[in-house]
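Visitor: Input: one structure, supplied below.
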């Protein structure tokens with residue numbers, strides 16, 4: 001992959017998404033939210049805010065895992081294609097894939113649909129996707145809300161909130177990771193549900209008219225239309241991860257690769273380690289297409305997109321690989337060792353092939 005000179009403003013920021021602005025906004029929010037941990041003394045939190053989900057201590061050694069997420073601008077692809085029957089899968093996926101990172105079994109989810117209009121066909125298709133996602137994630141959809149707010153939303157927005165169950169002695173936030181551990185990658189199904197603003201504007205065009213024209217354009221390198229590729233549902237990893245947890249495979253950490261790419265590894269509650277990704281999973285053609293047409297740097301590609309790795313498991317050694325591969329193969333998920341853990345004075349992710357270092361959620365090229 002080529003790497004263009006980084007500009008002061010990234011391609012993602014130019015597309016309308018400011019990672020720096022999001023970080024500043026989050027800091028301002030957390031200033032007031034973090035002290036609320038003290039308000040519920042009877043049901044304290046079992047983990048720090050900032051991991052993929054949190055766990056509420058409900059007593060007797062039991063916890064309720066809780067998290068929320070949405071599908072972002074991927075729903076614009078559904079709108080362009082006039083096809084909403086898979087977007088619900090993405091909503092479930094983004095929630096349950098976060099919950100399993102703390103070692104919890106997802107149990108139930110509620111959905112929130114903010115909209116500027118209601119349409120029986122569209123909402124039926126959204127429901128169809130939610131049901132399929134629930135089937136794959138082995139959860140119930142226990143309720144939801146439809147809010148017509150035309151003054152705020154133009155179109156449809158889909159968000160979920162999910163709960164799960166975990167014994168407090170099995171809550172996993174990566175604190176047991178050690179140098180010498182092995183990093184195993186589980187393949188993604190494609191772009192998943194992050195970076196769609198950038199992907200859409202590069203592949204389909206900047207204007208609505210261009211996007212409507214190009215969304216059905218057949219792309220030979222992908223073997224299907226651009227819209228179909230971008231709408232491919234997010235892979236749900238619940239079944240293989242639950243099976244691995246039940247068979248007592250020693251999983252040091254489980255990490256959902258979303259926005260931030262491999263830098264999501266830096267969320268683990270452990271310092272003085274470096275995650276070295278030296279043999280990453282093959283990069284799907286769609287990411288190569290995005291990078292070439294958008295002239296996006298390697299650093300930004302690996303910060304915005306999953307680049308073919310949708311989920312990561314950290315284990316003690318290579319002896320765990322056969323067990324993990326056998327389970328994942330049952331669910332048609334490709335796995336491989338993609339790196340290892342090294343000692344470090346701080347906490348970071350390294351991708352040596354491209355000279356990249358990720359600290360926090362930011363990935364930069366070493367000059």
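Visitor: Based on the alpha-carbon gyration tensor of region 126-180, what equivalent-ellipsoid semi-axes (square roots of 5 times the eigenvalues) come out, in whole Å, largest first? Spell out each step's value before the answer.
Guide: Values: eigenvalues 230, 56, 28 Å².
Values for region 126-180, descending: 34, 17, 12 Å.
Visitor: Sticking with this one: Using Cα pairs under 8 angstrom and six or more residues apart, how large is the relative contact order of the chain, in percent?
Guide: 20 percent
Visitor: Which of (1) 1.07; (2) 0.96; (3) 1.01 is the computed Cα Rg over 2.2 N^0.38 Å for the structure on display?
Guide: Label (2) holds the value from this structure.
Visitor: Still on this structure, please answer the following. Run through the DSSP bridge list for the chain and note the antiparallel percent, rounded to the nearest 5.
Guide: 80 percent
Visitor: Turning to a different aspect of this structure: For a footprinting-style exposure proxy, rank 226, 198, 289 by other Cβ within 10 Å, fewest first.
Guide: By the 10 Å Cβ count, ascending, the order reads 289, 226, 198.
Visitor: Now for a different question. Whole Å is fine, so just give me how far the alpha carbon centre of region 123-168 lies from that of region 68-115.
Guide: Centre-to-centre (Cα) distance: 6 Å.
Visitor: Compute a Gaussian network model of the chain, connecting alpha carbons closer than 10 Å, and tell me which residue from 60, 221, 170 fluctuates the most.
Guide: 60
Visitor: If each residue's Cβ is checked for other Cβ atoms within 10 Å, how do 206, 125 rank with the fewest at the top?
Guide: 206, 125
Visitor: Give the share of C-alpha pairs in each 5 angstrom bin for region 40-170, from 0 to the last occupied bin, in whole percents, shortest bins first.
Guide: Using 5 Å bins, I get a P(r) of 2, 11, 20, 21, 16, 12, 9, 6, 3, 1 for region 40-170.
Visitor: With both bridge residues required to lie in region 40-170, what share of the DSSP beta bridges run antiparallel, to the nearest 5%?
Guide: Once the DSSP bridges in region 40-170 are tallied, antiparallel ones form about 75 percent.
Visitor: Using only DSSP helix segments of four residues or longer, with each worth -39500 (n - 2.57), what per-residue ellipticity at 222 nm results for the chain after dividing by its residue count and rounding to 500?
Guide: -9000 deg cm²/dmol
Every number in this text was worked out from the coordinates using simple rules, so none of it is lab data. Keep in mind it's a predicted model, so treat the numbers as computed, not measured. Every residue, glycine among them, receives a Cβ derived from its backbone with ideal geometry; neighbour counts consider all protein chains shown.
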